[in-house]
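The values are calculated or read from the model by the stated rules, or taken from the named source; none is laboratory data. Every value quoted in this text rests on a predicted model; they were computed, and no experiment measured them. Neighbour counts are summed over all protein chains in view; Cβ atoms, including those assigned to glycine, are modelled from backbone coordinates with ideal geometry.
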Amino acid sequence: MADDTSRKRKVRGRKIRSDRERKTGRRAKKKLARATATDGENGENPLSDPGEITPEPFVETDAVESLRGRVTGWLEADQPVHLIGPTGCGKTALALSAAAERGRPVVWINGDEAVDTAALVGAHAGGERYEEDDRFVGGVHKKTQIVRERWVDNPLSVAVREGATLVYNEFSRSDPAAHNVLLSVFEEGVLERPGKRGDDRSIDVHPEFRAIVTSNDVEYAGVHRQQDALLDRFVGVHVDYYDAETEREIVRAHTALPDEGVESVVETVRTLRDDLEIVVGTRAAITAAKGLAVFDGDGTGRFDDELLADVFTDVLAPKVAGDGDSDVETLRAQVTESI
């Protein structure tokens, strides 16, 4: 009788340990599932704190605040916003600032030819392998190996589920076919995840989800025309180069150039923008100002025409280089004439 009682205690002890091991295993699998649900393709969480994504420095003049107010107003009206404009005019900074204003987590995507549907919504990423070790019956050892496909959500799925603000930079550089999944997101409030099986193939769009995408004008190289069905679901806000005072404030914020030098740089940029056939953006003004801050030997911010021509030719040469030295020489002559 004593032996039988002892045996029951041992069996019960093994059962308790087995139950604990199973619970531990289930907790580990749930933890892995939660991590998978919020991790991007490279195992990194794509959610960013809104307080950390606004570009620094970010200039806020009346012109900038007015434009940002239009963007945030459309977002409040539950409309996805398409920022369209020339390169170097500040679309990305404006998009990030507007996203931060919402106070919701932000998810960033950068478009290019390699972006496809899987890169947006997610894909299977190998298999999950684990073992179940059954020792419930004394003297019997049963081990079962289970392999399960592991799904990883990518930025769009995370943004839709968590109610984040999606900032999709260079939207029009991605293949339009990759964006078909956005149609149901904006129209039906559902994201379909091709390749995902089971009841969770689709995600209901969180009511706080919003989207801001940026694109260069359609005549730029490497830009795809997106399908009209999708473009009809956006509101388009055209972003052009800011007024002279805003451009001066932006250049001041990015360099240590004296005011007289900043004035000279912005005046030159705005002249070249009118005279040249190539794009001369605010980014070019910042780059030129950083160079001139180094070449300004006396620190006065006064530059002769030859130095200005040298610097702006260097800044703009990549836009014409590759077709021969004569193009750079022609550029230099045009810059010199404009100055």
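Only one entry of 235, 223 meets the criterion of being aliphatic (A, V, I, L, M) and in contact with a Phe, Trp or Tyr (Cβ under 6 Å, 6 or more places away or on another chain), and that entry is 235. Of the helices (runs of 4 or more DSSP H) lying entirely inside segment 1-111, the ones with 2 or more residues being at pLDDT below 90 and not charged (D, E, K, R) are found at 2-38.
Taking the criterion of being in contact with a helix residue (DSSP H, G or I) (Cβ under 6 Å, 6 or more places away or on another chain), buried (at least 21 other Cβ atoms within 10 Å of the Cβ) and of a type in the set (A, V, I, L, M), the residues of segment 95-124 that qualify are 98, 100, 106, 107, 109, 120, 121.
Each row is one residue, and each column tells you yes or no for (1) crowded, with 17+ Cβ neighbours inside 10 Å; (2) touching an Asp or Glu at 6+ places or on another chain (Cβ under 6 Å); (3) in contact (Cβ under 8 Å) with a residue 24 or more places away in the chain.
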position: 167; (1), (2), (3): yes, no, yes
position: 188; (1), (2), (3): no, no, no
position: 216; (1), (2), (3): yes, no, yes
position: 229; (1), (2), (3): no, no, yes
position: 239; (1), (2), (3): yes, no, yes
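I'd like to know if segment 80-89 contains one or more residues that are free of Cβ contacts under 8 Å to residues at least 24 places away in the same chain and in the same structural domain as residue 165 (by TED's automatic domain parsing). Within segment 80-89 (the criterion being free of Cβ contacts under 8 Å to residues at least 24 places away in the same chain and in the same structural domain as residue 165 (by TED's automatic domain parsing)), the answer is no, since none of the residues qualifies.
All of 292, 308, 272 fail the test of being part of a helix (DSSP H, G or I) and touching a Leu at 6+ places or on another chain (Cβ under 7 Å), apart from 292.
Has segment 279-287 got at least one residue that is in a loop (DSSP other than H, G, I, E, B), of a type in the set (S, T, N, Q) and not assigned by TED's automatic domain parsing to the domain that holds residue 92? There is no residue in segment 279-287 that is in a loop (DSSP other than H, G, I, E, B), of a type in the set (S, T, N, Q) and not assigned by TED's automatic domain parsing to the domain that holds residue 92. Can you confirm whether residue 225 is among the charged types (D, E, K, R), assigned to a loop (DSSP other than H, G, I, E, B), in the same structural domain as residue 75 (by TED's automatic domain parsing) and within 17 Å of residue 81 (Cα to Cα)? So residue 225 passes the test.
Scanning segment 106-118 for residues that are of a type in the set (A, V, I, L, M), in contact (Cβ under 8 Å) with a residue 12 or more places away in the chain and in contact with a Ser or Thr (Cβ under 6 Å, 6 or more places away or on another chain) turns up at least one hit. Out of all the residues in segment 193-209, is one or more assigned to a strand (DSSP E or B), touching a residue at least 24 places away in the same chain (Cβ under 8 Å) and surrounded by 14 or more Cβ atoms within 10 Å (Cβ to Cβ)? Yes - at least one qualifying residue is present in segment 193-209. Residues in segment 177-186 that are over 17 Å from the mean Cα position of the chain (by Cα) and surrounded by 13 or more Cβ atoms within 10 Å (Cβ to Cβ): 180, 181, 183, 184, 185, 186.
Per-residue answers, yes or no, for (1) outside the structural domain of residue 65 (by TED's automatic domain parsing); (2) touching a residue at least 60 places away in the same chain (Cβ under 8 Å); (3) closer than 30 Å to residue 187 by Cβ; (4) surrounded by 20 or more Cβ atoms within 10 Å (Cβ to Cβ):
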site	(1), (2), (3), (4)
232	no, no, yes, no
259	yes, no, no, no
263	yes, no, no, no
268	yes, yes, no, yes
272	yes, yes, no, yes
276	yes, yes, no, no
293	yes, no, no, no
319	yes, no, no, no
